[in-house]
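Heads up: the structure comes next, in structure tokens.
The values are calculated or read from the model by the stated rules, or taken from the named source; none is laboratory data. A quick note: this is a predicted structure, and the numbers were derived from the prediction, not measured. Glycine also receives a Cβ, built like all others from the backbone with ideal geometry; neighbour counts cover every protein chain displayed. The protein model used for the area step is the full one, side chains on, heavy atoms only, and it has no ligands, DNA or RNA in it. Shrake-Rupley method; radii C 1.70, N 1.55, O 1.52, S 1.80 Å.
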Amino acid sequence: QVQLVESGGGLVQAGGSVRLSCAASGSIFRINAMAWYRQAPGKQRELVAAVPSGGNTNYADSVKGRFTISRDNAKNTGYLQMNSLEPEDTAVYYCTANIKTSRYTSPRDYWGQGTQVTVSS
């Protein structure tokens, strides 16, 4: 079994910063891409940022220059550093990772339970 657990959300004032963490645990052979999505009330879930196992990161236009995605492969952990936060960034943030659990199995996507980030004006 594989689990993704997010942490680091909370209430922050506009202009502030928050760092989210996503720790993967369980039977992990290899983590391919990791990504962060968010879902605001009444809106569809949207991709915020993604980082492949090797290669360039990519970001939603709305967060470019403010958010930074990274990963620590030794710790099976991903991060989302969010700076210059705006009230429009208020949402539940979800971590997802494409994980291979053994040499012989196909990779699949796993999701965390989500963490709330609320930005007050």
Hey, can you tell me all the residues within segment 43-65 that are open to solvent by 30 Å² or more (accessible area, probe 1.4 Å) and in contact with a helix residue (DSSP H, G or I) (Cβ under 9 Å, 6 or more places away or on another chain)? E46, S53, S62
Cross-chain or 6+ apart pairs with Cβ under 9 Å, segment 49-60 first and closer than 19 Å to I99 by Cβ, then not in a strand (DSSP E or B): A49/T57; A49/A60; A49/V63; A50/T57; V51/T57; S53/N73
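Confirm whether S53 is among the hydroxyl-bearing types (S, T, Y) and at pLDDT 95 or above. Before the answer, list the steps.
Working: among the hydroxyl-bearing types (S, T, Y): yes; at pLDDT 95 or above: no.
No.
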Applying the selection to segment 1-21, what residues are closer than 19 Å to R66 by Cα, in a strand (DSSP E or B) and open to solvent by less than 40 Å² (accessible area, probe 1.4 Å)? G10, V12, V18, L20, S21
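Somewhere in segment 30-38, is a residue of a type outside the set (K, R) and free of Cβ contacts under 8 Å to residues at least 60 places away in the same chain? Even if it seems obvious, please write down each step before you answer.
Pass one, segment 30-38, residues of a type outside the set (K, R): 31-37.
Imposing the further condition that a residue be free of Cβ contacts under 8 Å to residues at least 60 places away in the same chain reduces the set to 37.
Yes, that holds for at least one residue.
For every residue, the table says whether it meets (1) of a type outside the set (G, A, S); (2) farther than 20 Å from G112 by Cα.
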site: G10; (1), (2): no, no
site: Y59; (1), (2): yes, no
site: R66; (1), (2): yes, yes
site: G78; (1), (2): no, no
Between residues in segment 84-98 that are more than 16 Å from R71 (Cβ to Cβ) and residues that are modelled with pLDDT of 95 or more and part of a helix (DSSP H, G or I), which pairs lie under 8 Å by C-beta distance while being six or more apart or on different chains? E88/S62; D89/V63
Take V119 and decide whether it is touching a helix residue (DSSP H, G or I) at 6+ places or on another chain (Cβ under 7 Å) and open to solvent by less than 40 Å² (accessible area, probe 1.4 Å). yes
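Residues that are closer than 21 Å to G26 by Cβ: find the strands (runs of 3 or more DSSP E) completely inside segment 56-121 holding 3 or more of those. Even if it seems obvious, please write down each step before you answer.
Working: elements: 67-72, 77-82, 91-100, 108-111, 115-120.
Once the strands (runs of 3 or more DSSP E) in segment 56-121 are filtered for at least 3 residues that are closer than 21 Å to G26 by Cβ, what remains is 77-82, 91-100, 108-111.
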